[in-house]
Amino acid sequence: MPVIFYLFCATIVAWFCLAGQRVWMSMFVLTIAWAVVASHVTLAGLLAITLMSAAGWAALQAKGTRRQLLMTLTGLMGLLLALHKLPGFPDIALPELSVFTGTDAKPFYLHLDKAIAGLVMLAVFCRDDASRRGAIWRNPGLWRLMVTSLTGIFIIAVVIGLTLPQWKWSASAWAFLGVNLFFTCLAEEAFFRAGVQQGLLALLPKHRWLCIGIAALLFGLAHAWGGWRLIVVATLAGVGYGRIYERSGAIAMAIILHFLVNAIHFVGFVYPAISY
């Protein structure tokens, strides 16, 4: 794995584990500097990172309508980065992960733009996050909800024919799962749960289930590339992620649940889906 992967993972761990901002922000600057030196980010990409970070910082200083507009701008820039729609981020190929599923071989890349978008959204949307509060992790009700969500997701996935049990493990599995946790799950939860769901809740505080459902549906539609079965399962999974986040106030719990779904799917089932 390239050095940039470990630098980025360390920055995320610092954000979650350290209450102060100076350490993780310093590590973030170091990570971006290394990405530029290593040609993982061009000047165009650096400009996009700077603009998104500036919009996020301004949003945290603002109030009222101006704050909401800047939050929306931050989220939109994060979405564009996550979808690889902004220039300046060359693909980082990981040839050792070129075969990572139980189906056809597919190329695998380290998408730094999505990872950076996720971290910036995390810092902006989750300023008062409960992930560092020990009581959250000792709440048995939250763990029961997590187990129930996991069980329900895979039962439905098998019933509707999305996947079937299929155990597999390879030498590159740990690397794939690490990328999935720190790059994919974090960015998607930062956008759909901390961004979309919480943004809707700020507008409709009395309609929590509606807000959870809309964010989950958008999350499901983002998986339209996999057909209607994946849309259904991803939407239901999104409800589970949204519910655990709404009840705990900890984005880390939503990220962990999301990762567990992906990891179990990858290791224990046909991944990404049965071919029809």
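Assorted remarks:
- Qualifying residue in region 115-122 (condition: surrounded by fewer than 20 Cβ atoms within 10 Å (Cβ to Cβ), out of contact with any Asp or Glu (no Cβ under 7 Å at 6 or more places or on another chain) and either modelled with pLDDT of 95 or more or not β-branched (Val, Ile, Thr) (or both)): no
- Of the residues making up region 113-131, one or more are over 18 Å from Ala234 (Cβ atoms), among the basic types (Lys, Arg) and assigned to a loop (DSSP other than H, G, I, E, B).
- All of Ala202, Ala250, Ala194, Ala187 fail the test of being within 24 Å of Ala157 (Cα to Cα) and aliphatic (A, V, I, L, M), apart from Ala187.
- Checked against the criterion of being surrounded by fewer than 16 Cβ atoms within 10 Å (Cβ to Cβ), of a type in the set (A, V, I, L, M), closer than 24 Å to Asp129 by Cα and modelled with pLDDT under 95, the candidates Leu203, Leu210 yield just one match: Leu203.
- From the list Leu150, Leu162, Leu142, the lone residue that is touching a Ser or Thr at 6+ places or on another chain (Cβ under 8 Å) and either under 15 Å from Gly249 (Cβ atoms) or hydrophobic (A, V, I, L, M, F, W, C) (or both) is Leu142.
- Applying the condition of being among the hydrophobic types (A, V, I, L, M, F, W, C) and within 18 Å of Thr50 (Cβ to Cβ) to region 16-32 and asking which residue is surrounded by the fewest Cβ atoms within 10 Å (Cβ to Cβ) yields Val29.
- Helices (runs of 4 or more DSSP H) completely within region 139-190 that count 1 or more residues being in contact with a helix residue (DSSP H, G or I) (Cβ under 6 Å, 6 or more places away or on another chain), modelled with pLDDT under 95 and of a type in the set (Phe, Trp, Tyr): 173-179
- Scanning region 55-71 for residues that are small (Gly, Ala, Ser) and loosely packed, with under 14 Cβ neighbours inside 10 Å gives a single hit, Gly64.
- On inspection, Val13 does not qualify as farther than 19 Å from Thr184 by Cα, surrounded by fewer than 19 Cβ atoms within 10 Å (Cβ to Cβ), without any contact (Cβ under 8 Å) to a residue 40 or more places away in the chain and not aromatic (Phe, Trp, Tyr).
- If you go through region 138-184 and keep only what is without any contact (Cβ under 8 Å) to a residue 60 or more places away in the chain and of a type in the set (Phe, Trp, Tyr), you end up with Trp143, Trp174.
- In region 33-54, the residues that are surrounded by 13 or more Cβ atoms within 10 Å (Cβ to Cβ) and among the β-branched types (Val, Ile, Thr): Val36, Val41, Thr42, Ile49
- Evaluated against (1) touching a residue at least 12 places away in the same chain (Cβ under 8 Å); (2) in contact with a helix residue (DSSP H, G or I) (Cβ under 8 Å, 6 or more places away or on another chain), Ala224 falls short on exactly one condition, (1).
- Each residue in region 26-64 was checked for being farther than 13 Å from Val124 by Cα, in a helix (DSSP H, G or I) and either polar (S, T, N, Q) or touching a residue at least 40 places away in the same chain (Cβ under 8 Å) (or both), and 13 of them qualify.
- Where a residue in region 74-86 is closer than 11 Å to Lys114 by Cβ and its partner, wherever it lies, is of a type in the set (Lys, Arg) and outside any loop (DSSP other than H, G, I, E, B), with Cβ under 6 Å and at least six apart: Ala82/Lys114
- Across region 218-256, the number of residues qualifying as more than 23 Å from Asn139 (Cβ to Cβ), within 16 Å of the chain's Cα centre (by Cα), of a type in the set (A, V, I, L, M) and in a helix (DSSP H, G or I) comes to 3.
The values are calculated or read from the model by the stated rules, or taken from the named source; none is laboratory data. Since the structure is predicted, the reported quantities are computational estimates derived from the model, not experimental observations. In this analysis, Cβ positions are derived from the backbone assuming ideal geometry, glycine residues included, and neighbour counts consider all displayed protein chains.
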